[in-house]
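A short worksheet on the structure shown next.
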Amino acid sequence: MKVIVVKSNQDLAEKAYEHIVAVMESKKEVTLGLATGGSPVGIYELFRKNKPRSAHVTTINLDEYIGLAPTHEQSYRQFMNKQLFETVEFKETFVPNGTATDLQKACDDYEEIVAKHPIDLQLLGIGQNGHIAFNEPGTSFTSKTHVVQLTSSTINANSRYFEKEEDVPTTAITMGIGTILKAKEILLIASGKNKAEAIKQMLEGDVTEACPASILREHPNVTIILDEEAASLCGSLKDRQTV
Ligand code: PGA
């Protein structure tokens, strides 16, 4: 696992963007696993600005709220459209279907999509409770794409995007941890003080389902990019050079 500490959120976006584009340029056909939320916004801004060559790239997103139509302003499909897909053209883009009548089938279908397009690089944020995608603490490390009940920590964190907390969906479809771990390479990004405890647990605590991100320590190809605030509680990073 490689850990890079940078000074600011902007530096983080630039480093992560360069890393992603290098993977996009490495092969004729590439699949990127993409994430939503505040963490990747700076990266997507750089995509919109630089418009890297992307017609050979398939994207697969991690998760989607259940009950929000793809056209709903707060759906993750809509987030991706606005942040990225309307400006940068990819070969194909996948986001789980949160309005499927048969949700189990939607999960199974998504597993098949991931199996058909093995992910070369998976971009991940991390929740304040250590979740990756919507895999909340306690989720099995071998889980496949499934329906989840969101924890109050996640609902509260995501309520900043909704008018009121009651509007935040309480369930979602998420790629499982087992699904995520199949990616050939993983890039996790985190910035800000409110991520510092989760980062400490991930890097210095036990590898335990109580901190879903901790399993990344057992994946063979993981890069973590943190800003100084997110790294601030990690004794093991104290002497590390900030770049
Ligand atoms: P954030 O969320 O990027 O909005 O902080 C990350 C996450 O919850 O995984």
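Near the amide H of Thr31, under 5 Å away, which other amide H atoms are found, from residues 5 or more places off or on another chain, if H is placed in the peptide plane? When sequence neighbours closer than 5 places are left aside, the close amide H contacts are Thr58, Asp120, Leu121.
Considering only Ala106, Ala16, Ala157, the Gaussian network model of the chain with Cα springs below 10 Å gives its largest mean-square fluctuation to Ala157.
Among the listed pairs Lys49/Lys195; Lys144/Lys182; Lys2/Lys200, a Cα-Cα separation exceeding 18 Å is found for Lys49/Lys195. Taking every alpha-carbon pair under 8 Å whose residues sit at least 6 apart, the chain reaches a relative contact order of 26 percent.
Computed 3J(HN,Hα) for region 215-227, one whole-Hz value per residue from the Karplus formula 6.51 cos²θ - 1.76 cosθ + 1.60 where θ = phi - 60°, is 5, 4, 5, 9, 7, x, 9, 10, 10, 10, 10, 10, 8, glycine and proline marked x. Entry note, region 1-131: relative contact order of 30 percent, from Cα contacts under 8 Å with a spacing of 6+ residues.
The length gained by stretching the chain between Phe162 and Gln10 to full extension, at 0.36 nm per residue less their Cα-Cα distance, is 52.2 nm. For region 80-178, with equal point scatterers placed on the C-alpha atoms only and solvent neglected, what are the log10 I(q)/I(0) values from the Debye formula at q = 0.11, 0.18 1/Å, to two decimals? Here log10 of I(q) over I(0) equals -0.38, -1.04. To the nearest whole percent, what portion of all C-alpha pairs in region 8-117 is separated by more than 15 angstrom? Taking all Cα-Cα pairs of region 8-117, the fraction more than 15 Å apart is 65 percent. Applied to region 33-38, the Karplus parametrisation 6.51 cos²θ - 1.76 cosθ + 1.60 on θ = phi - 60° returns per-residue 3J(HN,Hα) values of x, 10, 10, 10, x, x Hz, with x for Gly and Pro.
Relative contact order of region 40-100: 47 percent, from C-alpha pairs under 8 Å at least 6 residues apart in sequence. Would you mind pulling out the separation of the Cα centroids of region 90-143 and region 46-85, in Å? If you average the Cα positions of each part, the centres end up 14 Å apart. For the chain, modelled as a GNM whose springs connect Cα atoms under 10 angstrom apart, the maximal fluctuation among Ala210, Ala198, Ala172 occurs at Ala210. Ranked from largest, the principal axis spans of the Cα set of region 2-237 equal 47, 39, 35 Å.
Residues considered: Phe94, Phe162, Phe134. Largest GNM mean-square fluctuation over the chain, using C-alpha springs under 10 Å, is found at Phe162. Where both bridge residues fall in the chain, DSSP classifies roughly 25% of the beta bridges as antiparallel.
The numbers here are math on the coordinates, done by the rules we state, and not lab data. Quick caveat: nothing in here was measured; it's all calculated off a predicted structure.
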